[in-house]
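*Asks:* I have a structure here, written as structure tokens, and I will follow up with some questions on it.
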């Protein structure tokens, strides 16, 4: 060992390759070990690298490639001789310092877990809170615009088959006006209509438009059934669930997307976890709207039970049904049970006369198809 | 500590040499371990490890790529990608929000009027692709000199968009010319030290070799098993054409990749995909059987899944296992093996022209990679 420390280079080393980092010239050099690594070429000494500044760079197997902190950043020494490589490795104590070792990986894992925890906390607590607080602050005008935008799309999807029967429309408007009055909605009344589509559903758009689908109307047996469903939809409007859902869904899908990044198939994963997370949130909103509907029906002196019966007729016992629109709702049998518990004999006048009810049922032409 | 000032030696004039063969020296087992470990860490870190895994993969591929006996090197780091990603998010989030609001305004007037916004995102994606390439190129070192790039991401982006329209209008017919034009732009702005890049491939040549695939493509969409063959042929032709068009100063690349050279790789991935899906199917069946056995036998069908927490957890585990193992398969076959196979086909002519290149060029930030990740257009 002492022979190297005295600064003597050993001449019979296999030539080492040196790139000075300023040009691509491949220089054959000899290495000598003194108090620093001496790189010499044809007797000249182009570089001296201090041992503690030497780091290992990536290289194929069988080559030891070195860089030096105090040399140009891309200067490289490539040693292809095992004995020489071993000799050098024993002198450079900080050779492997810029490699990703176990501790670096542990750090990445630790920070990632912290990020995951923080995202989960945000999704579970912060976003619902933000949605609850922000939804009432959304200006009415903006909400109406969102409604108008979705209105155009809905009409495109369902073929724009608005039922225009005058008597039916009048009955529908009367029913909605009654419900609006009882609900105490301060929204300006908007032209609402029945759409001729077999899908059994109804929904309220932000801004106040309430769509009833003929498919649901066809399955209804009396005005109270439809009134309950419409009151439920008005409940969503009153609670501004649309806006809340928009903020909530936007926030969670963004954050969960951030979390899973580009793990292939992540869209399915994002969809699955989002469905799980948002289902509970939307169930809460549905229960709130049901409470509201029960309340409105009581105010009008009618029973909410028919609504439960209509829903049960549509979905059947849940588990047999896979209507995607209703998937995030509470179980129909539970809703029916709840509304049956709130059943009172009617104390108010019927919401629609028999004639009006018949007109509403037949508003889309073919009368009741079923 | 002391680096003695270097006197630039006189430039040697090497005689014209026979072409040198590029080669790949990577150990397959090592890459497999790297990919498998990376997939596991991606799972543990909920995907955040992707920045380091991408870096590890590139470091492995680059440092085992030998040209004229000297290996390249990748000097990018995972942390740079993470920071680039965070910066990109800080810019993308307000853009997404604006996109959402503008979308609402546009939809009010006409349904699906937000199409121009989708176009804007496509253009942004092309910008990201260019900038990500610049990041990767400036981290690519060979013989102590880095590659680098100038040019403008936006100038590239509008070219890509206009050519994209043309390709759509001609039902894909114009694709070779689009690729040639975009490669010309990219290579013209790529440098190795002070050697400027150039792309001499022509759309016409590409079309001459690949037009048959263009004719067959509609049939392959109907006849599923034909599709991987077609795609593999197309990729092989594309690689060969692309590599053979690359120039750096006097250095000329040439590829002799056989058109059928990649078919095996794609079929192996498909084979593994079916095998893994089959294994997961068996796993699900066993899980369901065990749990119904324990739980009194009333749980059956997909509806029961949502009510049965252990079954749900086991399903998620199975699904994640499937995705992670497929990720490893894809990385081994379609990154490492494909890289190696393509590289073996490359011959470098007149490498002497790169024997004394002066280092030049600045490092580019990883912001472009962050955009590419955020917009899901990431490449290698």
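*Asks:* Say we look at region A:225-253 and pick out the residues that are farther than 22 Å from residue A:157 by Cβ and surrounded by fewer than 24 Cβ atoms within 10 Å (Cβ to Cβ); which of these is modelled with the highest pLDDT?
*Replies:* That would be A:225.
*Asks:* Among the residues of region B:40-52 satisfying the criterion of being surrounded by 22 or more Cβ atoms within 10 Å (Cβ to Cβ) and part of a helix (DSSP H, G or I), which is farthest from the other protein chains (Cβ to nearest Cβ)?
*Replies:* It comes out as B:51.
*Asks:* Considering only region B:329-370, how many residues are in a helix (DSSP H, G or I) and away from chain A (no Cβ under 13 Å)?
*Replies:* 11
*Asks:* Here's another thing I want to ask about it. Could you grab me the full set of residues in region A:29-49 that are in a loop (DSSP other than H, G, I, E, B) and closer than 15 Å to residue A:87 by Cα?
*Replies:* Hits for region A:29-49 are A:34, A:35, A:36.
*Asks:* Moving on to the next point. If you take the residues in region A:115-135 that are within 17 Å of residue A:250 (Cα to Cα) and within 11 Å of chain B (Cβ to nearest Cβ), which one is surrounded by the fewest Cβ atoms within 10 Å (Cβ to Cβ)?
*Replies:* A:120
*Asks:* Right, another one. Would you confirm whether any residue within region A:45-65 is crowded, with 17+ Cβ neighbours inside 10 Å, more than 20 Å from residue A:94 (Cα to Cα) and more than 8 Å from chain B (Cβ to nearest Cβ)?
*Replies:* Looking through region A:45-65, none of the residues is crowded, with 17+ Cβ neighbours inside 10 Å, more than 20 Å from residue A:94 (Cα to Cα) and more than 8 Å from chain B (Cβ to nearest Cβ).
*Asks:* I've got another one for you. Answer with yes or no whether residue B:109 is crowded, with 18+ Cβ neighbours inside 10 Å, modelled with pLDDT under 90 and within 11 Å of another protein chain (Cβ to nearest Cβ).
*Replies:* Spelling it out, it is not the case that residue B:109 is crowded, with 18+ Cβ neighbours inside 10 Å, modelled with pLDDT under 90 and within 11 Å of another protein chain (Cβ to nearest Cβ).
*Asks:* Which residues, taken from region B:145-191, are away from chain A (no Cβ under 14 Å), more than 24 Å from residue B:206 (Cα to Cα) and touching a residue at least 60 places away in the same chain (Cβ under 8 Å)?
*Replies:* Passing the criteria: B:149, B:153.
*Asks:* Also: If only one of A:112, A:150 is modelled with pLDDT of 85 or more, within 10 Å of another protein chain (Cβ to nearest Cβ), part of a helix (DSSP H, G or I) and in contact with a helix residue (DSSP H, G or I) (Cβ under 8 Å, 6 or more places away or on another chain), which one is it?
*Replies:* When all the criteria are applied, what remains is A:112.
*Asks:* Output the residues belonging to region B:63-102 that are at the interface with another protein chain (Cβ under 9 Å from one of its Cβ atoms), touching a residue at least 40 places away in the same chain (Cβ under 8 Å) and out of contact with any strand residue (DSSP E or B) (no Cβ under 9 Å at 6 or more places or on another chain).
*Replies:* Scanning region B:63-102 gives B:85, B:89.
*Asks:* Any residue at all in region B:232-245 that is at positive phi, surrounded by 15 or more Cβ atoms within 10 Å (Cβ to Cβ) and at pLDDT below 95?
*Replies:* No, region B:232-245 has no match at all.
*Asks:* Please go through region B:218-248 and give me each residue that is more than 23 Å from the chain's Cα centre (by Cα) and part of a helix (DSSP H, G or I), ordered by number.
*Replies:* B:218, B:219, B:220, B:221, B:222, B:226
*Asks:* Quick check: anything in region A:73-91 without any contact (Cβ under 8 Å) to a residue 60 or more places away in the chain, within 9 Å of another protein chain (Cβ to nearest Cβ) and surrounded by fewer than 20 Cβ atoms within 10 Å (Cβ to Cβ)?
*Replies:* yes
*Asks:* Kindly provide the set of residues from region B:15-37 that are surrounded by 15 or more Cβ atoms within 10 Å (Cβ to Cβ) and free of Cβ contacts under 8 Å to residues at least 60 places away in the same chain, ordered by number.
*Replies:* B:25, B:34, B:37
The values are calculated or read from the model by the stated rules, or taken from the named source; none is laboratory data. All of these numbers come straight from a predicted model, not from anything done at the bench. No Cβ is skipped: glycine too gets one built from the backbone with ideal geometry, and neighbour counts run over all protein chains shown.
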